[in-house]
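Chemist: Take this structure, written in structure tokens, and hold onto it; I'll ask about it next.
The values are calculated or read from the model by the stated rules, or taken from the named source; none is laboratory data. Owing to the predicted nature of the structure, the values given are computational and were not obtained by experimental measurement. Every residue, glycine as well, gets a Cβ built from its backbone with ideal geometry; the counts of neighbours run over all protein chains shown. Protein only, heavy atoms only, side chains kept; ligands, DNA and RNA dropped before computing areas. Shrake-Rupley method; radii C 1.70, N 1.55, O 1.52, S 1.80 Å.
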Amino acid sequence: MVKGGSKMKAERNKKVAEIMPVTEIPCMIINGKNAALQWQGSVSVTADGLFQKVEMIGHGAPGQFLKRDSFEFSDVNGMVLFYVTKDEKGEYIEPQLYKENDLKVPVCAGDTLEYVYYPALEPEENYWCGYCEYETGKVTIQPIYENANYFVHETAEVMKNGKWGTIDRTGRTNLELVYDRMIGNHGQVCVVKKDGKVGLVSRTGSVIIPFEYEAIFGGRYIHSGLVKVCRNGLWGIVSLRNEIVVDIVYEQIASYVRCFFFSGVQNEMASDSLKYGFVLAEKKGRWGVVDFYGNIWVDFKYESLSYYDLRERLLVAKKDGRTGLIDWHDHCVVDFLYEDINYRQLQPDAVVAKQNGKWGMINRNGKIKIDFSYDELKFYGHQWNRAIVSKNDKFGIVDFCGNVLVDLIYDRISLCFSDEPYSGYYIIRLNEKCGVMDSSFKLCIPIEFDDIVDEFAQKPSYKVIVRKNKKYGIRNIIGNISSEVIYDELRENIFNFKNEDPNQYQSDLGIVKKDGLYGILDGLGRELVAPQFEEMDYNFHHDIIVVKKEGRYGFIDKFGNAVTEPVFEQADCFNDEVASVKKDGKYGYIDPCGNYLIKPSLDYRARSLRDFLTQVEALIKP
């Protein structure tokens, strides 16, 4: 590989399609959001060292080469990061997985410390990073960088010769590679480190905040014109003109610079939002509240402060080891009589507090609503005015007036259908068995199962996967139809990739395994396809799934009807209504009806739609 840039730039201008690959090199394809999620791949390289196309191993259908997993790459703006690795002799070898090192860039101190992680390989490895298009696999930026991150705000952070900068999607340098570290890419501005100090620069390199700080933290609020800075171990807030907004004299500033403008509260407070910004800060070991004009609203006398209700400007405060509620003017709202107050507000006049080691509920005047007698008080339902409580390791349910609705006799009670917390269903456990109880506290699933493995709220069908004696089945809460608990494996909510919207991929079907064979259940737990296949893909594409039977691959629809007979040595999922197949050692392509687009006659399968069309053109030429 050529490490210098001049030859690479010249090679980039060549038409990749006109250059035939001569070798395949192993590479690693990296998920945009999480460097720990990676896929093995290979990249084709020409005789003169030009990298051409990346292919995910095991996913070779023509069309978008990562289309099957494209929703996982949605934050890379159509660009996918990959890397290749050389050994000491300069030969390409199988890359090792990225590992997140423990490099921490401090942005605050104490409990509110923010961490910034950078994915990095082991230092002794010789690896090179580049980018390709996720739709075609075409290499658009050659692997010439020693380290790189995914694209965000149309730019990516890259490292070369030990220095960091940014490039655009064409590979052109935006921010010169002269920085020791890229700490934050916020689009128009970047937080960078140089010569041991941190500053803020524009995406073209103009200095906005000079390099005089130990740390700068902007987060999502940087676009409001403010950043949190650290100098000589103390924190403050400055504007993007480096004007001090909050003096740099505090030991800690809360993780989020909270003001009414930032918190997105009601429009009637817009006048306050423009005039005031408040921040919780610590000075000499005590917490208080200061605004953006330097005015102290809450004296620095509290052991801790946290937000409770921004609309009513209430804070949870701790003083002399006791906790209470105060407002922004430092007036006491709830007396300091409690060991703790839950920061999660339930209703305007309901406060969950802890006293003498027990939890209960009071109103704003301190009147007890639920006695301080419970070891736990959680899973509050605003709509139902109920709380799950425990005492002496037994669980029950009470209302917000303290009335016991369900006796404390169960080993555990938790909300069922966590995605719909107001559904009113509860999972209950007793004597190592579990079931489900509805909002009227009647059993809708008996307490006879070893576990409830998963739950799905797909209206109108609320259902759970249950396990009993190491077997799995489905129980529907609404309706009487359920599967028997007879399966060795059961996977619900598989994906159907006929829709472009990632939020609409979810299917109501389930794949089951029994006696080593796979089948399909419908949304009510009925067998659509009896277990009969040796293998079955967990994802549908255009309502079609790849199956294996008697050692050969074929395709069926979700009702079990054969699209093709199992006659192939290899078969890939459908992608853009095309699937590649292999028969008698040759590759071909079929459509969703099972008709051949190209009969198996090719030596290799296409890595992209362009390759596929090239193969078609070659076949139809006289």
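Chemist: For residue 166, state whether it is of a type in the set (Val, Ile, Thr) and assigned to a strand (DSSP E or B).
Modeler: Considered against the rule, which asks whether it is of a type in the set (Val, Ile, Thr) and assigned to a strand (DSSP E or B), residue 166 comes out as yes.
Chemist: Sticking with this one: Being open to solvent by 10 Å² or more (accessible area, probe 1.4 Å), under 22 Å from residue 172 (Cα atoms), β-branched (Val, Ile, Thr) and modelled with pLDDT under 60, is that true of even one residue in segment 14-24?
Modeler: Within segment 14-24, one or more residues are open to solvent by 10 Å² or more (accessible area, probe 1.4 Å), under 22 Å from residue 172 (Cα atoms), β-branched (Val, Ile, Thr) and modelled with pLDDT under 60.
Chemist: Among the residues of segment 387-399, which ones are open to solvent by 10 Å² or more (accessible area, probe 1.4 Å) and either in contact with a helix residue (DSSP H, G or I) (Cβ under 6 Å, 6 or more places away or on another chain) or within 18 Å of residue 367 (Cα to Cα) (or both)?
Modeler: 399
Chemist: Restricting attention to segment 543-553, report how many residues are closer than 16 Å to residue 510 by Cβ and open to solvent by 60 Å² or more (accessible area, probe 1.4 Å).
Modeler: 0
Chemist: With respect to the numbered conditions (1) under 28 Å from the mean Cα position of the chain (by Cα); (2) open to solvent by 60 Å² or more (accessible area, probe 1.4 Å), which one is the sole condition not fulfilled by residue 204?
Modeler: (1)
Chemist: How about segment 578-609: which of its residues are assigned to a strand (DSSP E or B) and open to solvent by 40 Å² or more (accessible area, probe 1.4 Å)?
Modeler: 582, 583, 586, 596, 597, 599, 601, listed by residue number.
Chemist: For residues in segment 409-443 being open to solvent by less than 30 Å² (accessible area, probe 1.4 Å) and either touching a helix residue (DSSP H, G or I) at 6+ places or on another chain (Cβ under 6 Å) or in a loop (DSSP other than H, G, I, E, B) (or both), which is modelled with the highest pLDDT?
Modeler: Once the filter is applied, the top-ranked residue is 416.
Chemist: Criterion first (of a type in the set (Val, Ile, Thr) and under 19 Å from residue 81 (Cα atoms)) does residue 170 satisfy it?
Modeler: Criteria met by residue 170.
Chemist: When the residues of segment 513-544 are filtered to those that are among the charged types (D, E, K, R) and either part of a loop (DSSP other than H, G, I, E, B) or more than 19 Å from residue 475 (Cα to Cα) (or both), which remaining residue is farthest from the chain's Cα centre (by Cα)?
Modeler: For segment 513-544, the residue satisfying everything is 515.
Let's see how each residue does on (1) modelled with pLDDT of 90 or more; (2) surrounded by 18 or more Cβ atoms within 10 Å (Cβ to Cβ); (3) within 26 Å of the chain's Cα centre (by Cα); (4) basic (Lys, Arg):
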position: 115; (1), (2), (3), (4): no, no, yes, no
position: 125; (1), (2), (3), (4): no, no, no, no
position: 130; (1), (2), (3), (4): yes, yes, yes, no
position: 136; (1), (2), (3), (4): no, yes, yes, no
position: 143; (1), (2), (3), (4): yes, yes, no, no
position: 148; (1), (2), (3), (4): no, yes, yes, no
position: 159; (1), (2), (3), (4): yes, yes, yes, no
position: 166; (1), (2), (3), (4): yes, yes, yes, no
position: 173; (1), (2), (3), (4): yes, no, no, no
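Chemist: Of everything in segment 519-542, what is open to solvent by less than 40 Å² (accessible area, probe 1.4 Å) and under 18 Å from residue 592 (Cβ atoms)? Give them in sequence order.
Modeler: Matches in segment 519-542: 520, 529, 536, 537, 539, 540, 541.
Chemist: When you go through 475, 491 one by one, which is the residue that is at pLDDT 85 or above and either under 22 Å from residue 437 (Cα atoms) or open to solvent by 30 Å² or more (accessible area, probe 1.4 Å) (or both)?
Modeler: 475
Chemist: Considering (1) without any contact (Cβ under 8 Å) to a residue 24 or more places away in the chain; (2) over 26 Å from residue 529 (Cβ atoms); (3) touching a Pro at 6+ places or on another chain (Cβ under 8 Å), say which one residue 616 fails and leave the rest.
Modeler: Result: residue 616 fails condition (3) only.
Chemist: When the residues of segment 309-339 are narrowed to those that are of a type outside the set (Lys, Arg) and loosely packed, with under 15 Cβ neighbours inside 10 Å, which ends up nearest to residue 376 (Cα to Cα)?
Modeler: 337
Chemist: Kindly indicate whether any position in segment 341-353 is open to solvent by 60 Å² or more (accessible area, probe 1.4 Å), outside any loop (DSSP other than H, G, I, E, B) and on the phi < 0 side of the Ramachandran plot. Lay out the reasoning, then the answer.
Modeler: Taking segment 341-353 first, the residues open to solvent by 60 Å² or more (accessible area, probe 1.4 Å) are 343-344, 348-349.
Filter once more, keeping what is outside any loop (DSSP other than H, G, I, E, B): none.
Within segment 341-353, none of the residues are open to solvent by 60 Å² or more (accessible area, probe 1.4 Å), outside any loop (DSSP other than H, G, I, E, B) and on the phi < 0 side of the Ramachandran plot.
Chemist: While we're on this one: Of all residues in segment 281-311, which are touching a residue at least 24 places away in the same chain (Cβ under 8 Å), in a loop (DSSP other than H, G, I, E, B) and not basic (Lys, Arg)?
Modeler: 285, 292, 294, 310
Chemist: Still on this structure, please answer the following. Is it true that residue 195 is open to solvent by 60 Å² or more (accessible area, probe 1.4 Å) and among the charged types (D, E, K, R)?
Modeler: Answer is yes for this residue.
Chemist: Within segment 554-572, restricting attention to residues that are farther than 23 Å from residue 527 by Cβ and in a loop (DSSP other than H, G, I, E, B), which residue is least open to solvent (accessible area, probe 1.4 Å)?
Modeler: It comes out as 572.
Chemist: If you go through segment 171-209, how many residues are part of a loop (DSSP other than H, G, I, E, B) and at negative phi?
Modeler: 7
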